[in-house]
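Asker: Dumping the structure here so I can ask a few things about it.
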Amino acid sequence: RAKRAGGGHTFFNVLRDQHTSAEMEMLTGLHHALERGEFQLYYQPIVDARSRTTAAHEALIRWLRPDGLVNPMAFIPLAEASGLILPLGRWVLREACTAVARRHLKRVSVNVSPLEFGQPDFAAHVEQIIQETGVEPRRVLLEVTENSLLDPVRSSEVLQALSGLGLRLALDDFGTGYSSLSALAGLPVEILKIDRSFTRQVHEQSREGQRAKELVRAMIALAHAFGLTTVAEGVETAEQAEVLEALGCTYLQGYWFGRPTPLRARDAAAP
Ligand code: C2E
Ligand code: CA
Ligand code: CA
Ligand code: CA
């Protein structure tokens, strides 16, 4: 049997010593899941804060195992540790780009794992997928986290290469790490996604609520001063949405506007 990209089988042996049997079982299942077509992308709307119209969708992976649906938090770390995230990440990007190329979605936002981002051929793979699917690159947004940007020189090169392809770039989970906005200002990142841990309390009258609100206000003001667009994640209530809109946040995303759902359900619902 041919060796898989990412050296999954080599890692597999190493991992056997480091993981519980439950994790080993999941890892075996993960390896088969890709070839069995058990992964599916769900899409969550990202809405314009003022007009409340959908501007894009974020692709969120699900593993539809015969015994039930598995959320990414349960398997992404294992996929990263085993290297399976590399072929999986390419599948995700191809699938999301295809959805846009077929006009099922206007724009799509795709999560990139630090392991994928760190591969020397990452930008080349992205370019290949853009060409294969025929998607307009400006309709594709890549979400990277601060963990992808630890090496400033290399990350700047990769981001420039991706931006050169015409793709747009977002920093995910902003505020949870240590990157400063001034460091970001030199990078071709256009969008900041403010982590749910900050948006959760913005509407509360409590001391914590007031503090969260001031923090988010400062983040948005600084981001906009640096020419970045903002997205608030995890908006669950009308009150949160109102406060975030009043604070000038550009886009909102969360259960209040829509949960992640598969494309097929959306198609079936359309007239
Ligand atoms: P993330 O990129 O920060 O994605 C946002 C997560 O918050 C998603 O969880 C989403 O379903 C959830 N969410 C959205 N709105 C709300 C809300 O109003 N309230 C609450 N409580 N949660 C909300 P999900 O889909 O379980 O994904 C978890 C994480 O797994 C993602 O966090 C991302 O880091 C990772 N992930 C998901 N799909 C992919 C993928 O295709 N590739 C990679 N590398 N990572 C992925
Ligand atoms: Ca994300
Ligand atoms: Ca996020
Ligand atoms: Ca997150």
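Asker: Taking the chain as the reference, fit the longest principal axis to its C-alpha atoms, fit the long axis of helix 122-133 to the helix C-alpha atoms, and give the angle between the two in degrees, 0 to 90, nearest 10.
Answerer: 90 degrees
Asker: Once amide H atoms are placed 1.01 Å from N in the peptide plane, what residues at a sequence separation of 5 or more from residue 229, or on another chain, have their amide H within under 5 Å of its amide H?
Answerer: Residues meeting the criterion, in which the H sits 1.01 Å from N, are 191, 192.
Asker: Working only with C-alpha atoms, what are the Rg and Dmax values of segment 182-271, expressed in angstrom?
Answerer: Computed over the Cα atoms of segment 182-271, radius of gyration and Dmax are 15.1, 47 Å.
Asker: I would also like to ask the following. Under the rule of at least 5 residues apart or a separate chain, name every residue whose amide H is placed under 5 Å from the amide H of residue 56.
Answerer: Those qualifying (amide H under 5 Å, at least 5 residues apart or on another chain) are 46.
Asker: Calculated from DSSP H runs of 4 or more alone, at -39500 (n - 2.57) each and per residue, what is the 222 nm mean residue ellipticity of the chain, nearest 500?
Answerer: -14000 deg cm²/dmol
Asker: Within 10 Å, Cβ to Cβ, of residue 233, how many net charges do the neighbouring residues add up to if Lys/Arg are +1 and Asp/Glu are -1?
Answerer: -1
Asker: Could you check what % of the DSSP bridge pairs in the chain are antiparallel, to the nearest 5?
Answerer: Antiparallel: roughly 45 percent of the beta bridges in the chain.
Asker: Hey, in the GNM for the chain with a 10 angstrom Cα cutoff, which one of 137, 114, 77 fluctuates hardest?
Answerer: Of 137, 114, 77, the Gaussian network model singles out 77 as fluctuating most.
Asker: Also, quick follow-up: Can you tell me the length gained on complete extension of the stretch residue 106 to residue 215, counting 0.36 nm per residue apart and subtracting the Cα distance? It would help to have the intermediate numbers written out before the result.
Answerer: Values: separation 109, 0.36 × 109 = 39.24 nm, distance 3.19 nm.
In short, 36.1 nm is gained.
Asker: Report, in whole Å, the centroid distance computed from the Cα atoms of segment 49-90 and segment 105-123.
Answerer: 12 Å
Asker: Mind pulling the angle between the C-alpha long axis of helix 152-164 and the longest principal axis of the chain? Nearest 10 degrees, somewhere in 0 to 90.
Answerer: Helix 152-164 sits roughly 90 degrees off the main axis of the chain.
Asker: From the phi of every residue in segment 83-98, what ³J(HN,Hα) in whole Hz does the Karplus formula 6.51 cos²θ - 1.76 cosθ + 1.60 yield, where θ is phi - 60° and glycine or proline is x?
Answerer: Those phi angles translate into x, 5, 4, 5, x, 5, x, 5, 4, 4, 5, 4, 4, 5, 5, 4 Hz.
Asker: Strictly greater than 35 Å: what percent of every Cα pair in the chain meets that?
Answerer: Result for the distance tail: 18 percent.
Any read-out appearing in this document is the output of simple, stated calculations on the displayed coordinates, not a laboratory observation. Everything numeric here is computed off the predicted structure, so don't read it as measured data. Neighbour counts run over all protein chains shown; Cβ positions are idealised from the backbone, glycine included.
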